[in-house]
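The values are calculated or read from the model by the stated rules, or taken from the named source; none is laboratory data. Source: prediction; values computed, not measured. Here the Cβ is made from the backbone with ideal geometry for all residues, glycine too, and neighbour counts use every protein chain on show.
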Amino acid sequence: MTMIAVLRIGHRIDRDKRVTTHVALVARAFGADIIYITTKDEKIKKNIQSVCIRFGGNFQVQTGVDHKNIIKSWKGSIVHLTMYGEELEKAINHLDTNRDLLIIVGAEKVPPYFYEIADINVSVGNQPHSEVAALALFLDRFTKAAWQKKEFDGNIQIIPCVKGKKVLSKEKA
Ligand code: SAM
């Protein structure tokens, strides 16, 4: 089994908490196994863990990580999502799906180091938008939409329906 990890760099506790939470939720829902957040932020960690407890899966969160240690010890491929990178479709064709993958996403201005260490800088279009959108689209294309079939086996399961809400819950009322 290959592993997909997301490395969130530049998270500022006051400014970026919602966006980083959304990056983590997208990572979990769309097929990643772990998110590394360089800034120590226990609150985000707790929020995501609480989603995992209720909705299932084995998604992991680590905050306060040293990005250089993660990158140095990474044995698989590394991509960096940036509007300056290679076209999404071309980049995906160059990636070996049998290797682990580390996906780097920024917040504020990204230092040149990350552009250099990435095996491929990947653009999701060449317009500036959002790390949340870029990650979602990248994971959808990389997994060939396999994320949709992933079973989370959580305490809460949502049954798709056209109207209203159908929820199966193992939680105590
Ligand atoms: N101004 C920053 C810079 O120049 O590096 C980028 C800020 S942007 C709001 C935050 C992150 O969203 C980027 O670091 C990148 O990971 C992602 N992003 C934004 N637009 C993107 C695009 N078109 N393709 C891929 N990633 C994108």
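General observations
- Out of 17, 45, sole residue that is under 30 Å from residue 169 (Cα atoms), away from the ligand (no atom under 14 Å from the Cβ) and at pLDDT below 95: 17
- Here residue 121 clears all of (1) within 11 Å of the ligand (Cβ to nearest atom); (2) at pLDDT below 95 except the condition numbered (2).
- Residues being more than 12 Å from the ligand (Cβ to nearest atom) and not charged (D, E, K, R) - total across segment 87-112: 8
- Boolean, residue 23 is modelled with pLDDT of 95 or more, in a helix (DSSP H, G or I), surrounded by 20 or more Cβ atoms within 10 Å (Cβ to Cβ) and β-branched (Val, Ile, Thr): yes
- Entirely in segment 99-173, the strands (runs of 3 or more DSSP E) that have 2 or more residues that are surrounded by 16 or more Cβ atoms within 10 Å (Cβ to Cβ): 101-105, 120-123
- Scanning segment 137-156 for residues that are of a type outside the set (Asp, Glu) and either out of contact with any helix residue (DSSP H, G or I) (no Cβ under 8 Å at 6 or more places or on another chain) or within 11 Å of the ligand (Cβ to nearest atom) (or both) yields 137, 138, 143, 144, 145, 146, 148, 149, 150.
- Filtered by the rule that a residue be assigned to a helix (DSSP H, G or I) and in contact (Cβ under 8 Å) with a residue 24 or more places away in the chain, segment 57-76 gives 67, 70, 71.
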